[in-house]
1. Which of (1) modelled with pLDDT of 90 or more; (2) touching a Lys or Arg at 6+ places or on another chain (Cβ under 7 Å) does Ser48 not meet, given it meets every other one?
2. Please tell me if Leu99 is surrounded by 16 or more Cβ atoms within 10 Å (Cβ to Cβ), in contact with a strand residue (DSSP E or B) (Cβ under 8 Å, 6 or more places away or on another chain) and in contact (Cβ under 8 Å) with a residue 40 or more places away in the chain.
3. What are the pairs, 6+ residues apart or on separate chains, where a residue within the range 42-56 that is closer than 15 Å to Val82 by Cα has its Cβ under 9 Å from a residue that is hydroxyl-bearing (Ser, Thr, Tyr) and surrounded by 15 or more Cβ atoms within 10 Å (Cβ to Cβ)?
4. Search the range 160-184 for residues being closer than 21 Å to Val104 by Cβ and among the small types (Gly, Ala, Ser), and hand back the single one that is nearest to the chain's Cα centre (by Cα).
5. Out of Ile186, Ile161, I need the residue that is in contact with a Gly (Cβ under 6 Å, 6 or more places away or on another chain) and in a strand (DSSP E or B). Which one?
6. When residues of the range 163-190 are filtered for being more than 30 Å from Lys102 (Cβ to Cβ), surrounded by fewer than 19 Cβ atoms within 10 Å (Cβ to Cβ) and not charged (D, E, K, R), how many remain?
7. If I ask for residues that are within 17 Å of Leu99 (Cβ to Cβ), in contact with a strand residue (DSSP E or B) (Cβ under 9 Å, 6 or more places away or on another chain) and crowded, with 19+ Cβ neighbours inside 10 Å, which ones from the range 40-70 would you list?
8. Out of all the residues in the range 95-122, which are assigned to a loop (DSSP other than H, G, I, E, B) and in contact with a Gly (Cβ under 6 Å, 6 or more places away or on another chain)?
Amino acid sequence: MIKGLFRFVFGLIRLAFFLIVFIAIFHAWVIKQVITFSLSHQLGAGVSIQNVKMDWKNTGFEIQGLEIGNPYNFPKGVLANVPLVIISVDFSGIPEGILRLKTVGINLRELQVMNVPQKGLNLLDLKPFRKSGEEPFSSSREAVQAQIKKCMPEIIIDELIFSIGDINYLDMRGPFLKQNRYKAGIRAATYYNIRGTQDVIVILVGEVFKKIGLGYLEAQLQKFQGRSVSSGDRKIGFLSHVMAALNRNSSD
């Protein structure tokens, strides 16, 4: 009788364990697919992710091995190598259609900027910088895009922290290929109160352009200048975890 009871209890524990593992894997898989599709849609470029790791303690997750390809109008290749993105989520606004990200930490290890004849800079062909009406899509695809946009929640980012490592700049406009490599040296730069993925892209691209001596996006960046702070202001809780992880990952 007692032996049978132990077997029953052990069976329940083992079942609960497998259910927990299954739920964790399933959640990570779903998040991976959603992020891949959403980023590709918002950037107008191919996106791949190696792994998504859940962080139950901080109600968040890590995106590992993120690669962003060149915009579809440019030659195939990797535009950005982002080994680590850390995200902490506040789910309280979901019923109102608001996805609030408490903290987003981005380690952009390497960026490939290219200037192609008759196409311009690959960074400026990302979707956030295109003018309305420039999308080369059919009417059916435009309808699908409209439905996707309608279903997407509004994204608010309380705190954006990012590091940028190397920037490779290729100028293909002349008879000879010109190549420059820049050490951006940006560690734990912080912005507050960001509205959506598009604003994140504008901030990152603006910082890159400053480093390689291009003044584009100056007007767009003015509205963010008052939000930037030094990385030493608020090193507590999840914020310090993000900054430590970004600095550790950048030094690998």
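1. With respect to (1) modelled with pLDDT of 90 or more; (2) touching a Lys or Arg at 6+ places or on another chain (Cβ under 7 Å), Ser48 is out only on (2).
2. Yes: the conditions hold for Leu99.
3. Here the result reads Leu43/Thr197; Gly46/Ser40; Val47/Thr36; Val47/Ser38; Val47/Ser40; Ser48/Thr36; Ile49/Thr36, each pair linking the range 42-56 to a residue that is hydroxyl-bearing (Ser, Thr, Tyr) and surrounded by 15 or more Cβ atoms within 10 Å (Cβ to Cβ).
4. Across the range 160-184, the extreme among qualifying residues is Ser163.
5. It is Ile161.
6. Of the residues in the range 163-190, 10 are more than 30 Å from Lys102 (Cβ to Cβ), surrounded by fewer than 19 Cβ atoms within 10 Å (Cβ to Cβ) and not charged (D, E, K, R).
7. Result: Val52, Gly60, Phe61, Ile63.
8. Quick first cut of the range 95-122, residues assigned to a loop (DSSP other than H, G, I, E, B) only: 97, 117-119, 122.
Result: no residue meets the conditions.
The values are calculated or read from the model by the stated rules, or taken from the named source; none is laboratory data. Keep in mind the model is a prediction, meaning the values are calculated, not measured. Don't worry about glycine lacking a Cβ; one is built from the backbone with ideal geometry, like all the others, and counts go over all protein chains shown.
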